[in-house]
Amino acid sequence: MSLHYLFILGICVEAITGAIAAGRKKMDFFGVIIIACITGLGGGTVRDTLFNTHPLTWVSHPEYLIYTSICAFFTIIFAHHLTRIMKVFLVLDALGLATFVVIGTQSLLSAGFPSSVAVIGGMLTGICGGMLRDILCNDVPLVLRREIYALVALAGGVLYVTLERYNVSHEVDVIISLSCIFFIRVFAIFFHIEMPKFDYAKSVNKRKNIP
Amino acid sequence: MSLHYLFILGICVEAITGAIAAGRKKMDFFGVIIIACITGLGGGTVRDTLFNTHPLTWVSHPEYLIYTSICAFFTIIFAHHLTRIMKVFLVLDALGLATFVVIGTQSLLSAGFPSSVAVIGGMLTGICGGMLRDILCNDVPLVLRREIYALVALAGGVLYVTLERYNVSHEVDVIISLSCIFFIRVFAIFFHIEMPKFDYAKSVNKRKNIP
Amino acid sequence: MSLHYLFILGICVEAITGAIAAGRKKMDFFGVIIIACITGLGGGTVRDTLFNTHPLTWVSHPEYLIYTSICAFFTIIFAHHLTRIMKVFLVLDALGLATFVVIGTQSLLSAGFPSSVAVIGGMLTGICGGMLRDILCNDVPLVLRREIYALVALAGGVLYVTLERYNVSHEVDVIISLSCIFFIRVFAIFFHIEMPKFDYAKSVNKRKNIP
C-alpha cells in the first residue's frame, strides 16, 4: 500500500532533519548517522516501547536503518544545497508528520487500545523522533515551541479515530486524515501560525508591577 | 482508598511544576501541556517500562492526562498567583513525592519483585517525572542537586519494605512511610538541609596546590 | 567465566566516568551515585528495554547497583588521584566498551534476534550508558563526537557475528572480538584518530562564498 512508501519518505525526511541538527553541533560522521536514525525511527520506537507492542519497527525491518543512514550520508555531502530547497523540505516534513500520526494511531487501534490512547500514541509517533533529536543535540525540543506541530499531530489522530468510529471506509479515513494534517501543517508553516507562548517570567513580573 | 486521592494530588502538583518549567523556557501552550503530562506521569511510566509492568498508568486511566492538562492550563492563567503560595506548593510537592514512592514500591512488591528492587522502583517513581521535565527543559536535573530529594525517596522505600517485612499491617505501613517521607522532605526544604556537593574541579585543583 | 569479571570491571569504570561528569556539574553525593549507576548500567538497560529482553540486568542482580555506588563513592574521595592515572583509566574504559559490545551482541543472538539487529544492540549496550550520562549532565553526548567510539562498537559487533557465522568456537570468537575492539579503541585514543566532523554551518557558508 502507498502508505508504506509515505512512511519510508517520512523516516528519510526526519533523518535529514536529524543529520542537519547533528551537523550544527559539529558531530562526527558516525554521530550524524546515529542521530539521523534516532530522529527517523525514534517516534515509533517510543510508541512501541511505551505500549509494549514489540518488536520495534526497525527490529523487524533493519533495512530502515540503512535508509536513514544513507539519508544522513547524503545530507553531509549535499548540505549546502539543502538551504535552497528548505521550503520543499518543510513540505515533505509535513507529509512525514501526517504519515507517522496516521500509522501510529492505526497500529495502536488494531492492537486493541481504546481510541483516546491510540490518539496519544499517534501524536507520540509524530513528535518523539524530533524530541529525541533535540534532547541529544542539547536543545529545548522544537516541537514544543514551533508552529502548532504537536497540536496538529493530536488533532489529526482525533480526526482519524472519529472517522473510524463513524464507519468511514479505511482508505477514505486515511486519505482524509493524512490530507488534513498535511495541509494544516503546511498552512501553519507558510503563514507562521503559532500558538501563544507561556512566558512564566513575564506573567510573574507583569503582576508585580500592578500596585 | 485515600492513597488514590493523594496520587491524583501528586500528579497534579508535579504537572504544575512541569508547566512552570516549560513557561521558563517560553514554550507554547501545547508544549506546556505536554511537559506537564510528562512531569506528572513520567515517573510511573519509567517504572512500568523498566520493570515491564504494562499497561502504563495513563494507558489504563487516560483521564489522568486530562487532570494534568487542566493543571497546566490553570498554571498558565494563574502563574502570577503561584509565586505567593510557593511554600504551600512545596509542601504539596513533598506530599506528592511521598505518595509516588509508596505507590511505586507497593506496586513492584505486589508484582513479585524482591524488596531491594522495589525500593529502587519506588525511588524512580518519585524522581523520574522531575528528571524528564528537566531533561526536556534542557536543565541539569534538580532532583540530583536539590535538598536530599532522591535520598528521601530511597529511604522512604526502605522504610516501607522494612515495615512490610515485620508484618506491620498494610495501612499502618503506608501511613508511617508516607508521613516520614513527607516530614523529612518538608523539614529539609524549610531548614535548607542539603547533601554535600561533589565539585570535581575543586577536588582536583585543591590537590594541586598542596606542595 | 572471565567475561563476567570483565563486565563487572566495565560497569565500574563506566560508573567512575559518570561520577566525574556529575562532579563537573557539582551534583550532590546522591546525585553522583545515581549518575554513576545510570552510566554503568544504562547501556544494558536501554538494550533490554528496546528488545524486550526482561528482566533488566540490575533487576536480576541488584548487587551491581552496589558496585557502581561504591565506585561513585571512591571517585568522590579520590578524585584528585584520578587525573594522574587518566591514561590507565582510558585503557580500562576501552576494555569496558569491548566487553559491553561482546556481551550485548551475544545476549541478543542467543535471544534469537538476527545478526544485523544483534550488532545494533551490541553497539547500543556499549554507547548508551555514556549517552544517558551526557544527557543528564546537559552535554552533547561525547560518544557522538569522540574518537571513533561508536563506530568501533559497531565494527566489533559485526566482527563477532561474522566469526560466529563461520563456526569459530565461541571462546575464540569472544577473545578475538574483544581484543580487536580494545586495541583499535586504545590505538584511536593514543593517536587521536577521529572521524571527520560534519560542520553544517561551515558547509553552508563555504558554498555561499563561491561566486
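Where a number appears in this text, it was derived from the coordinates with a stated rule and is not lab data. The structure presented is a predicted model; accordingly, all values stated were derived computationally and were not measured. Note: ideal-geometry Cβ built from the backbone for every residue, glycine included; neighbour counts use all protein chains shown.
Only Lys, Arg, Asp and Glu carry charge here, each on its Cβ (+1 for the first two, -1 for the last two); on that basis chain C has a dipole of about 960 debye about its Cα centre.
Here the sum of -39500 (n - 2.57) over DSSP H runs of 4 or more residues, divided by the residues of the protein assembly as shown, equals -26500 deg cm²/dmol at 222 nm, to the nearest 500.
When chain B is treated as a GNM, springs tying every alpha-carbon pair under 10 Å, which of B:PRO114, B:PRO55, B:PRO196 comes out with the largest mean-square fluctuation? Between B:PRO114, B:PRO55, B:PRO196, it is B:PRO196 that shows the largest mean-square fluctuation. Build a GNM of chain C with springs between Cα atoms under 10 Å: which of C:LEU82, C:LEU178, C:LEU90 gets the top mean-square fluctuation? Result: C:LEU82 has the largest fluctuation of those listed. Only Cα sites of the stretch A:2-195 enter the Debye sum here, all with the same form factor; the resulting log10 I(q)/I(0) across q = 0.11, 0.16, 0.19 1/Å is -0.45, -0.97, -1.34, listed in q order.
Go ahead and run the numbers for FRET between B:HIS4 and A:PHE190, Cβ-Cβ distance against an R0 of 60 Å, rounding to 0.05. The value I calculate is 0.80.
Comparing mean-square fluctuations of B:LEU109, B:LEU41, B:LEU50 from a GNM of chain B with C-alpha springs under 10 Å, the top value falls on B:LEU50. Taken residue by residue and averaged, Cβ atoms of other chains lying within 10 Å of the Cβ of A:12-21 number 1. Here the protein assembly as shown is treated with +1 on each Lys and Arg Cβ and -1 on each Asp and Glu Cβ, and its dipole about the Cα centre works out to around 2520 debye. The other copies place their A:ALA111 label points at 1.6, 1.6 nm from this one, listed shortest first, where each point is 7 Å from Cα along Cα→Cβ. Annotation for C:GLU63 and C:ALA111: the two label points, set 7 Å from Cα along the Cα-Cβ direction, are 2.3 nm apart. Inter-copy label distances for B:PHE183: 6.4, 6.4 nm (label point placed 7 Å from Cα along Cα→Cβ; shortest first). Averaged over peptide A:48-55, the number of partner chain Cβ atoms lying within 10 Å of each residue's Cβ comes to 5. Considering only A:TYR200, B:SER177, C:GLY104, and ranking their Cα positions along the charge dipole of the protein assembly as shown that arises from unit charges at the beta-carbon of Lys, Arg, Asp and Glu, the one farthest toward the positive end is A:TYR200. Evaluating 6.51 cos²θ - 1.76 cosθ + 1.60 at θ = phi - 60° for every residue in the stretch C:57-68, the Karplus couplings come out as 3, 7, 7, 6, 10, x, 5, 4, 5, 5, 4, 5 Hz, glycine and proline recorded as x.
The distance between label points at C:ASN205 and B:ILE176 comes to 6.6 nm (points 7 Å beyond Cα on the Cα→Cβ vector). Given the options B:LEU56, B:PHE190, B:SER69, identify the residue whose Cα lies farthest towards the positive end of the charge dipole of chain B (+1 on Cβ of Lys, Arg; -1 on Cβ of Asp, Glu). My answer, from the dipole projection, is B:PHE190. Computed from backbone phi, the HN-Hα couplings of the stretch C:83-88 come to 4, 6, 9, 4, 5, 4 Hz, rounded to whole numbers (Karplus: 6.51 cos²θ - 1.76 cosθ + 1.60, θ = phi - 60°; Gly and Pro given as x). Remark: for residue pairs A:LYS25/C:LYS87; A:LYS26/B:LYS202; B:LYS202/C:LYS87; A:LYS25/C:LYS25; A:LYS197/B:LYS87, the C-alpha separation exceeds 24 Å in A:LYS25/C:LYS87; A:LYS26/B:LYS202; A:LYS197/B:LYS87. Evaluating 6.51 cos²θ - 1.76 cosθ + 1.60 at θ = phi - 60° for every residue in the stretch C:33-46, the Karplus couplings come out as 5, 4, 4, 4, 4, 5, 5, x, 10, x, x, x, 5, 4 Hz, glycine and proline recorded as x.
Using a Förster distance of 45 Å, how high is the FRET efficiency between A:LYS87 and B:PHE89, based on the Cβ-Cβ distance and rounded to 0.05? Provide the component values of the computation, followed by the final result.
On the way: r = 45 Å, r/R0 = 1.01.
Once rounded, the FRET efficiency stands at 0.50.
Between copies, the label points of B:PHE74, set 7 Å from Cα on the Cα→Cβ line, lie 5.1, 5.1 nm apart, reported in increasing order to one decimal in nanometres.
Going from the residue with the fewest nearby Cβ atoms within 10 Å to the one with the most, B:LEU97, C:LEU124, A:LEU56 rank A:LEU56, C:LEU124, B:LEU97.
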